[in-house]
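Before any comments, here is the structure.
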């Protein structure tokens, strides 16, 4: 293995500092005892975390976001499994076009989806509906699940399914006992990736949430444009912690490098 | 009534015949090999028997029952796949037991039969391992145990040894044959390796371009190949020119002997010499054209390149093939 | 091909997804396209009819032109910095030994999973008047300066958010590279630099191109970062659309800007995708 020189290692160190700095400062400032955005000196305090937990708006939004992310991730995976299956094994006309369509939300700015859905919702009177908000989230996170599942399904040996059939398994038994367990890492990995993406989504949601359905990122964005106090830092630190935990689980289940870097 | 009968079995993809009018009868307990180069239709034939490829025409009859269009999961055949196709998320025992579960065999009976099958392939100590913890040869034997445990009327082997290294492949050939004779299951194996086909089979079906070219015992296929193609496919051969209008004549390199110059049927010059361990391999140039000769390494000194030698053979070993049948 | 597959026609499995994409993607996008041609009345909002006024305004009014120009500039600068930082970083990472390699790769990529709002907020603190960067400047004797609400602040945060998108494709193409090819170049007497520019760089060019595209596309349509770090003055396309929809309530105007943004995005993505596919698929397989 070739080694990196001192210059290369310094460069790497600078990039790492650059990538971590904003996250680290958020987490540090969250513990400040002061009323302003300042780094805690010798005294640390949990008062801003306490304030978050007693802030009804933030708590409602947090619950909204959790609920929204879990339902939309579940629905998204439920849609993506059969679709990815059809795309990877079907031999039908328009297969490529279908795949492109299902991945297209990745190249459409969320802003455009936001205004388009805002208009649709106001047409059909869906503004403020949690269900329609969830469908919107399903739309933008499905490509992530789809991509992961397509790569999980193309990467495995189909003769294993033939083996199950030759041993007398029905198609359904084959799916439940052989196919599903084999793509399970892809399914759970896809779910978590969907969860994170839905939980973080701001740009589309800001157009289509109503006061009763405001999600955490939207709440934070609005809060940050009006006032800036250490409570924002505390909320941010909590999100960093939550994301780190999810990332760790994701790494255990599917391998973070495979989720982030992908195989295709 | 034959045990298994392929009756003019045909598979057509568009205008292309992958398999054309293949007919074959197999007796109970026989070990048959489908031998041929890649693309000859041997795997497609096997897949039609297994039920993974639908026959375009013809029939497959097993024990008198027409199974041509029966779904794969109702045929009850034992199949060993080229990639082994083990279930990666199940233990060795789980893999072997799967087929029995599908047949709703009771738990106690399952345990007994799984154990028996694993003992047969010498893997009884590995029941709780996962496939990824096994070597290639061990996986191969799990696949065999999994196929045999359901006591299939017919065992299908799709290039079962091609993923093993040379030494292991040879050992497994004999083990495969031993196990097959112990359980007595009628077996059809697909292979492109003539040595593998010869060493284990009762009869060999040689295929080329989707058609059956010859069905015979291994010895007959080697000694009396039906066509030029088979002659060259199953071994090396020398073509001896004959008078115009007469059929082409062939003789195998090991049937030629080197004698003193002038005392053979023809004189030849040693062009190249290769040492293969158990034998010497010569390229000679002669009035009959290029000749290849293999001589057992009996310890005597080999001929040096450039030497003029005589080449001798028994006329009984000379084969005549109908012209134009290649 | 297989008997099993023949009886199993899988198109219907995609129907639920297809329904979702028809209702939630095709329909709203069509509605927005139509809306962008609607006439607008200050009192009544969109009043139907057909007009090209909004599009005309976008390409003739200095206010909108400046916003598009700034968005283009910021997008290009962000992309350039991401290339200049991300490509060497991916190369350095790929040359690291085992545990360090995956550790640093994770450190560089996982911020991708943290909400953009959080990361932008982090930058607003870093760049604040009393923030650590200004304190560093004071320590160095340069004195404090206003960093927030500048294009520099927006670009810094954009680079932070986009860098992973640059590193990922470059890393992927580096993984496909046979390390012995670089060694072969060195064995012919090529210098390190020549080996990189003549042998490594051409092979990872598709990765750089597709990374650059993703970064440009995302940067040019970014919303939270200019919204929080650009302040009121520094508008970009996305924040302008937001204003048109939620403050000015001029939906047709906002719709036409959104349509232009979408089309520009798709054109850039598709043309460059073609170029990458056509030029490199053949050569690099």
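Since every read-out is calculated from the coordinates, none of them should be taken as a lab result. Bear in mind that the values here come from a model prediction, so they are computed numbers and not experimental data. Every residue, glycine among them, receives a Cβ derived from its backbone with ideal geometry; neighbour counts consider all protein chains shown.
Per DSSP helix of 4 or more residues, -39500 (n - 2.57); summed, then divided by the residues of the protein assembly as shown. What does that give at 222 nm, rounded to the nearest 500? Could you put the intermediate results ahead of the total?
Working: 35 runs with 474 residues, N = 875.
Taking each H run of at least 4 residues, the total per residue is -17500 deg cm²/dmol.
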Note to self: How many angstrom lie between the Cα centre of region C:132-204 and the Cα centre of region C:42-79?
What the structure shows: 33
Margin query: Give the average, rounded to an integer, of partner chain Cβ atoms located within 10 angstrom of each Cβ in A:236-243.
Written below: 4
Check: If chain A were replaced by its equivalent ellipsoid, with semi-axes equal to the square roots of 5 times the Cα gyration tensor eigenvalues, what would those be, largest first, whole Å?
Finding: 38, 26, 17
Next item on the list: For region B:59-158, evaluate the Debye formula with one uniform point scatterer on each Cα (no solvent term) and list log10 I(q)/I(0) at q = 0.17 Å⁻¹, rounded to two decimals.
Entry: -0.74
Checklist line | Cβ-Cβ FRET estimate between residue C:190 and residue A:14, R0 fixed at 25 Å, reported to 0.05 | finding: 0.35
Check: Quick one: Kirkwood hydrodynamic radius for the protein assembly as shown, alpha-carbon pairs, angstrom, one decimal?
Finding: 32.8
Notebook entry, point to check: Once the Cα atoms of helix A:216-226 and of chain A are each reduced to a long axis, what angle between those two axes, in degrees from 0 to 90 to the nearest 10, is obtained?
Noted result: 30
Next item on the list: Place the peptides C:157-170, B:126-139 in order of packing, highest mean first, counting for every residue the other Cβ atoms within 10 Å and averaging per peptide.
Entry: C:157-170, B:126-139
Notebook entry, point to check: Over all residues in B:197-204, what is the mean tally of Cβ atoms on other chains that come within 10 Å of each residue's Cβ?
Noted result: 0
Next item on the list: With r as the distance between the Cβ atoms of residue B:12 and residue B:220 and R0 = 35 Å, compute the FRET efficiency 1/(1 + (r/R0)^6) and round to 0.05.
Entry: 0.70
Margin query: Please compute, for peptide A:181-189, the average count of beta-carbon atoms on other protein chains lying within 10 Å of each residue's beta-carbon.
Written below: 1
Notebook entry, point to check: By count of other Cβ within 10 Å, fewest leading, how are A:137, B:15 ordered?
Noted result: B:15, A:137
Note to self: 7 Å from Cα along Cα→Cβ at both residue B:308 and residue C:51: what's the point-to-point distance in nm?
What the structure shows: 10.9
Item checked: Kirkwood-Stokes translational diffusion coefficient of region A:1-73, alpha-carbon pairs, 37 °C, 0.692 mPa s, µm²/s -> 207
Notebook entry, point to check: Taking a quarter of the surface of the convex hull around the Cα atoms of region C:1-151, what do you get in nm²?
Noted result: 19.7
Checklist line | Principal axis dimensions, region A:212-264 - Cα atoms, whole angstrom, descending | finding: 42, 20, 20
Check: Once Rh for region B:9-63 is found with the Kirkwood sum over Cα pairs, what is the Stokes-Einstein diffusion coefficient at 4 °C and 1.567 mPa s, in µm²/s?
Finding: 109
Check: Hey, got the Cα dimensions of region C:102-179 along the principal axes, in Å, largest first?
Finding: 50, 27, 23
Notebook entry, point to check: In terms of the Cα gyration tensor, with a ≥ b ≥ c the square roots of its eigenvalues, is region C:175-245 rounded because a/c is under 1.5, prolate because a/b exceeds b/c, or oblate?
Noted result: prolate
Item checked: Per-pair calculated FRET efficiency, R0 = 25 Å: residue B:170 and residue B:124 via Cβ, rounded to 0.05 -> 0.55
Notebook entry, point to check: Tell me, what are the semi-axes, in whole angstrom and largest first, of the equivalent ellipsoid of region A:1-147 as set by the roots of 5 times the Cα gyration tensor eigenvalues?
Noted result: 39, 29, 14
Note to self: Please report, in whole Å³, the volume per residue of the convex hull around the C-alpha atoms of chain B.
What the structure shows: 168
Next item on the list: Show me B:203-214, A:37-48 ranked by packing, highest mean number of other Cβ atoms within 10 Å first.
Entry: B:203-214, A:37-48
Check: How big is the Rg/Rh ratio for region A:61-139, C-alpha atoms only, Rh by Kirkwood, two decimals?
Finding: 1.04
Check: With N residues in region B:238-320, what two-decimal value do you get for its Cα radius of gyration over 2.2 N^0.38 Å?
Finding: 1.08
Note to self: I need C:57, B:104 ordered by Cβ neighbour count within 10 Å, fewest first.
What the structure shows: B:104, C:57
Next item on the list: For region B:189-277, state what percent of all Cα-Cα pairs lands in each successive 10 Å bin, counting from 0 Å until the bin that includes the largest distance.
Entry: 13, 37, 30, 17, 2
Margin query: Run the Debye formula on the Cα coordinates of region C:50-284, all scatterers equal and no solvent, and tell me log10 I(q)/I(0) at q = 0.09, 0.11, 0.12, 0.18 1/Å.
Written below: -0.49, -0.70, -0.81, -1.30
Checklist line | Label point at residue B:101 placed 7 Å out along Cα→Cβ; residues across region A:170-185 whose backbone nitrogen lies under 16 Å | finding: A:170-184
Item checked: Most mobile listed residue (C:97, C:134, C:38) in chain C, GNM with C-alpha springs under 10 Å -> C:97
Margin query: Would any residue of region B:263-296 have its amide N under 15 Å from a label point 7 Å out along Cα→Cβ of residue B:315? List them or say none.
Written below: B:265-266
Checklist line | C-alpha center-to-center spacing [region B:60-110, region A:79-123] in angstrom | finding: 39
Margin query: Using a Debye calculation, one point per C-alpha and no hydration shell, please list log10 I(q)/I(0) for region B:102-187 at q = 0.11, 0.12, 0.16, 0.19 Å⁻¹ in order.
Written below: -0.30, -0.36, -0.65, -0.91
